[in-house]
Amino acid sequence: MFRPSFLFLTMTIFLMGPLHAQGEGGVFTQSRLAALKTGEGSLGNNPAGIEWFNELRRKTAALGRESEVKLEDIEGTVYLNEQFVQGKVFYNDAFYESFMLRYDAYNDEVEIQRGSSNSLEALHKSLAISCEILGDRLRYMEYLGKKQESRRGYLIVLVEGQSYSLYKRYAKIFKEAKPAKTSLQASFPHRFVDEIEYYLKQEGKNPRYLKLKKSSVLEMLANGPSEKIKHYMKANKIDLGSEEQLLQLVSHANTISSQ
């Protein structure tokens, strides 16, 4: 099997270069937000992070007020794993090297910390490069979103079979603070909330957004014996809201498709 030279592969994996200023391990630090408000700071090469902050400023300006956004004002985190953990990087599914990794689910980036340095780098976004963090395999893939639009991003592998593969998209969505309008209502702070979507890949096609409804699932599994799949769902009382049972269903669809 062809293996690229060490120099080429190193340049490829770290092509995106430094991600944050030294000593700042996350996008939303107090010093950086303060600098951004005066136009003197930057979010490195995180365009999504820059757009997030600009959008927040536009909205608060539209309300006729400036908003002092501090790190402690934002509940939650942009990371799937807050701390760096020992992970693995693969090139064309062949193991390359272990690194300290964490996944920024807001900016859809895998961050790398090498050695004792506090500076961060981003894993190059390439269809040939994947990684493993806390046992989850993350693949950078082309896929079809909710509106069948073509997108690229990281998907977590749940099942990979000959006929069908199932992936999960784990994202962080920023929600603005919402003050209570009356004493009977609850107020909410600025916060990051989880958004989870599932994608099903048919053989020879890109993954497609999977709506968790029986009719949608059966339609996307139509390449196999649909009556057998329908019977299996009914006999086993498959709950499509359960990731474990959804995984079980796709694995079974692969089994009967190969018979």
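Bear in mind these aren't lab numbers, they're just calculated from the coordinates by the rules spelled out. Keep in mind that this is a model prediction, so the values were computed, not measured. Cβ placement follows ideal geometry from the backbone for every residue including glycine, while neighbour counts extend to all protein chains displayed.
One chain, two ends: E160 and K228. Fully extended at 0.36 nm per residue, the span grows by 22.4 nm beyond their Cα-Cα distance. Compactness check for segment 185-243: Cα Rg over 2.2 N^0.38 Å is 1.57. Would you tally the net charge around G161, using a Cβ to Cβ cut-off of less than 15 Å, leaving G161 out, and scoring K and R as +1, D and E as -1? So the surrounding residues net to +2.
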